[in-house]
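Taking it in order: structure first as structure tokens, then the write-up.
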Amino acid sequence: MIGRGSENGARGCRTASGGIALASSILSGCALETPRTTVVPRSDFARSIHDLYGLIGWIVAGIGLVVLGLLLWTAVRYRARPGAALPRQTLGHTPLEIAWTVAPALILLVIAVPTIRTIFRTQGQAPPGALAITVRAWQWWWDFRYDSLGFATANELHIPAGRPILLRLEGPDVIHSFWVPALGGKRDVIPGRVNRISFTADTPGEYPGQCAEFCGVSHANMRMRVIVQTPDAFDRWVAEQQAPPVEPSGLAAEGKEIFTRSACVGCHTIQGLSGGVLGPDLTHFGSRRSFAGSTFPTTTDHVAAWIQNPGALKPAAKMPALGLTKEQALALASYLVSLK
Ligand code: CUA
């Protein structure tokens with residue numbers, strides 16, 4: 001039985017408790033991994049958005065109290081009483097009209113200034129020493145290219161905690177939107193232009209993300225994970241990713257044979273073996289916990305099922321079925337999963 005990678009998420013949803021956690025998991029869609037929440041910020045970007053929510057929340061609460069108070073006072077003060085005269089009727093009141101025009105404008109100004117400042121601060125150039133990563137959003141997966149380090153990965157973005165990150169967002173096909181709730185706000189990925197996000201994650205952990213712009217049939221299956229690591233753990237991961245792919249043996253060696261003489265090489269890169277760029281770089285495929293837009297766990301069974309018929313697992317998947325037998329798919333899957 002090939003199950004989706006979201007069973008943990010469903011369990012997380014069932015056990016979610018507390019008003020905010022429950023509300024946020026309902027709002028963010030219970031079907032996926034939790035916590036996919038903006039109310040537990042884990043970067044400077046997410047925290048500044050959280051602070052904006054706080055500011056707006058307090059302003060709105062204040063306005064609500066004033067309006068409710070005035071409403072109650074008016075209802076009591078001017079309630080209908082037998083024999084009482086009508087209250088004084090007012091038609092046009094210049095000071096009052098100026099006041100209720102100016103007050104909302106001031107409120108909007110108080111909200112707009114820090115909001116615009118946050119937008120500009122998080123989409124400009126990151127400070128010197130920032131790690132720049134090119135994010136390419138494809139139907140329906142995420143391509144993460146560490147250009148300065150010389151490797152690429154997919155769907156699982158590793159970054160070090162405490163170091164500024166600059167993401168350059170490129171859309172080779174249609175409009176997508178990069179969104180990792182715990183690390184910051186959504187930002188569109190638009191063909192023909194480069195958008196940026198700069199932020200510094202502060203807490204090691206794994207943070208789920210999701211494409212947040214409808215981009216076709218499998219939009220909902222375009223997920224990702226951001227793995228924030230301590231600087232040491234990140235450096236170890238980088239060294240692993242820069243290493244050449246492992247040499248397989250046994251069934252996996254058969255799989256390598258199949259890879260090199262199949263259409264796989266046209267779309268996928270395995271360093272030293274092939275150079276396709278239309279699909280994910282597979283050099284260290286086995287080191288990722290999930291694949292196909294972070295939708296399935298990287299097990300031999302899931303990968304073999306995927307190879308045999310991608311569209312059956314993920315509607316409208318761009319990867320074609322290659323007509324391999326079950327045995328061939330299993331050998332190929334063994335090879336790919338062995339690429340730690
Ligand atoms: Cu990509 Cu929705």
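Only the coordinates and a few stated rules stand behind these numbers; no lab work does. The structure presented is a predicted model; accordingly, all values stated were derived computationally and were not measured. Positions of Cβ are generated from backbone atoms using ideal geometry, with glycine treated the same way; all protein chains shown enter the neighbour counts.
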Taking only the Cα positions of the chain, the convex hull volume per residue in Å³ is 186 Å³
Report the charge-dipole magnitude of the range 31-109 in Debye, nearest 20, computed about the Cα centre from +1 at each Lys and Arg Cβ and -1 at each Asp and Glu Cβ. 440 debye
What spacing in nm lies between the two simple spin-label points modelled at Asn309 and Leu91, each 7 Å away from Cα in the Cβ direction? 7.7 nm
With no solvent term and unit scatterers on the alpha-carbon positions of the range 115-209, Debye gives log₁₀ I(q)/I(0) at q = 0.10, 0.15, 0.21 Å⁻¹ of -0.24, -0.55, -1.15
Name the shape class, rounded, prolate or oblate, that the alpha-carbon gyration tensor gives for the range 158-251, where a ≥ b ≥ c are the square roots of its eigenvalues, rounded holds for a/c under 1.5, and otherwise prolate holds if a/b is larger than b/c and oblate otherwise. oblate
Rg(Cα) / (2.2 N^0.38 Å) computed for the range 187-340, rounded to two decimals: 1.11
What full-extension length gain, to one decimal in nm, is calculated for Ser148 and Ala321 as 0.36 nm per residue of separation minus the Cα-Cα distance? 58.9 nm
Within-13-Å neighbourhood charge of Arg196 [Cβ basis; K, R +1; D, E -1]: +2
Antiparallel bridges, percent of DSSP beta bridges restricted to the range 110-222 (to nearest 5): 75 percent
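Counting pairs of alpha carbon atoms under 8 Å apart in space and at least six apart in sequence, what relative contact order in percent does the chain give? Show your work: numbers first, answer last.
Values: 624 pairs, mean separation 55.7, N = 340.
About 16 percent, as a whole number.
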Comparing Gly92, Gly276, Gly57, which has the greatest mean-square fluctuation in the GNM of the chain with Cα pairs linked when under 10 Å apart? Gly92
What does the highest-first list of 298-309, 134-145, 230-241 look like by mean Cβ count within 10 Å? 134-145, 298-309, 230-241
With no solvent and one equal point scatterer per Cα, compute the Debye intensity ratio I(q)/I(0) for the range 299-339 at 0.17, 0.20, 0.25, 0.31 Å⁻¹ and report its log10, rounded to two decimals. -0.38, -0.52, -0.77, -1.03
About its Cα centre, what dipole magnitude does the chain give when the only charges are +1 on Lys and Arg Cβ and -1 on Asp and Glu Cβ, stated in debye to the nearest 20? 1220 debye
Between the range 132-174 and the range 61-120, how far is it from one alpha carbon centroid to the other, in angstrom? 48 Å
